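Inspection log for the structure reproduced underneath, given as structure tokens.
The values are calculated or read from the model by the stated rules, or taken from the named source; none is laboratory data. The shown structure was predicted, so the numbers you read here are calculated from the model rather than taken from an experiment. All Cβ positions, even for glycine, are placed from backbone atoms using ideal geometry, and neighbour counts span all protein chains on display.
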Amino acid sequence: MLAIVTDEFFIVSLDQISKRLKLPNDVAGASLMAMGSSAPELAIALLALFTGGGEHSDLGIGTIVGSAIFNILVITGISAIVRPAAVSLKVVVRDVIMYVASIGLLLWTFSDGNVTLIEASGFILLYALYIVILFNWKSSDNDAPEIEQPAEPAHADKSNGIFAQLTHAIAKVIGVLMGDAKQSYIRAFIVSIALIGIISYFLVEYAIVFADGVGIPPVVVALTILAGGTSIPDLIASVVVARQGRGEMAVANAIGSNIFDVLIALGVPWLISIVVLGQDVHVGTGDLWTSTLLLLSTVVIVFIFLFTERLLSRIEGWILVSLYAAYVFWTIFA
């Protein structure tokens, strides 16, 4: 269902909104696509913080950190495998600098295990600054390669198998809520985000049941199962646009989603908890601290790959995916 909502409706509505706003591919990927496809992470962070007396807050944080690692290594990697991504150096530098600043703020917050009002507000303000930079960047950055988009959506499924028929039936039902994504694109965009959040709720519930059944620690579940599961919309969205030849949009979506996850999906729940509910927020500093440092190293690797010839090749894509496999193995068995 996440795949159908993202592939059949969200991407279509995003394209229409981007055309109306006349946004470049990288701006659309780092803002609208990132916000919408990161709805699962925001939903899980809110659910984890405000259920069980806040005792599951590390579950939400772990999902954000794990999802960020997934986005950087798997999404950019698979997008490059599908089609090598040519990017603008200015765009790479812009997003990487903001992303490193986000991780630095996160590490500072983790340093004492407590989230203060100033720290929570800092997350929101930094993201506001990022949005301002994004929407003023389009007038100055025009060196990204332009690739003609195919007239027919790349996600069109021509198979007639049982799975394809089931997918088509589900898409028709969801389409009743969405309407025509090309005509009612605002409606489709909003409903897509809402459905992603609802589906994420059930994803969290059943993932926790599964973890309890097999005896996996909650933080490990968050860093692996939930992180990968909630990043499905990001992955599908990036693969779709990468297949269409818009590799820069795919990369911008992955990094932009991470910036949104760290600054908004963590900052907003923390700010609500402190200001509205008057509750202190405590975060774990063990596995989360280590994974956040690993997250910082992944963005350095991706930056090096993108910096060379402004191209993320298929070989580099396979390297990134292999690094994620090693990370998951280390998280589970270390």
Counting only residues that are surrounded by fewer than 17 Cβ atoms within 10 Å (Cβ to Cβ) and either of a type in the set (Ser, Thr, Tyr) or in contact (Cβ under 8 Å) with a residue 60 or more places away in the chain (or both), the stretch 85-99 contains a total of 1
For the stretch 296-334, which residues satisfy the criterion of being at pLDDT below 80, over 21 Å from Asn258 (Cα atoms) and out of contact with any helix residue (DSSP H, G or I) (no Cβ under 8 Å at 6 or more places or on another chain)?
Thr308, Glu309, Phe333, Ala334
Over the stretch 28-73, the set of residues over 21 Å from Phe202 (Cα atoms) and either surrounded by fewer than 24 Cβ atoms within 10 Å (Cβ to Cβ) or at pLDDT below 75 (or both) is Ala28, Gly29, Ala30, Ser31, Leu32, Met33, Ala34
Working only within the stretch 247-266, note down all residues that are modelled with pLDDT of 75 or more and either closer than 21 Å to Gly197 by Cβ or not in a helix (DSSP H, G or I) (or both).
Ala254, Gly256, Ser257, Asn258, Ile259, Phe260, Asp261, Val262, Leu263, Ile264, Ala265, Leu266
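Residues are listed down the side, and each one gets a yes or a no for (1) assigned to a helix (DSSP H, G or I); (2) of a type in the set (Gly, Ala, Ser); (3) touching a Pro at 6+ places or on another chain (Cβ under 9 Å); (4) over 18 Å from Val92 (Cα atoms):
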position	(1), (2), (3), (4)
Ala237	yes, yes, no, yes
Val241	yes, no, no, no
Gly245	no, yes, yes, no
Val268	yes, no, no, yes
Ser273	yes, yes, no, yes
Gly278	no, yes, no, yes
Thr292	yes, no, no, yes
Val299	yes, no, no, no
In the stretch 162-220, how many are outside any helix (DSSP H, G or I) and either among the charged types (D, E, K, R) or surrounded by fewer than 12 Cβ atoms within 10 Å (Cβ to Cβ) (or both)?
4
Output the qualifying pairs, or none if there are none: Cβ atoms under 7 angstrom, residues six or more apart or on different chains, first residue in the stretch 317-334 and under 20 Å from Pro217 (Cα atoms) and assigned to a helix (DSSP H, G or I), second residue of a type in the set (D, E, K, R) and modelled with pLDDT under 90.
none
Suppose we filter the stretch 163-194 for residues that are under 9 Å from Phe9 (Cβ atoms) and polar (S, T, N, Q); how many remain?
1
Filter the stretch 100-116 down to the residues that are farther than 22 Å from Tyr130 by Cα and among the small types (Gly, Ala, Ser), then identify the one that is surrounded by the most Cβ atoms within 10 Å (Cβ to Cβ).
Gly113
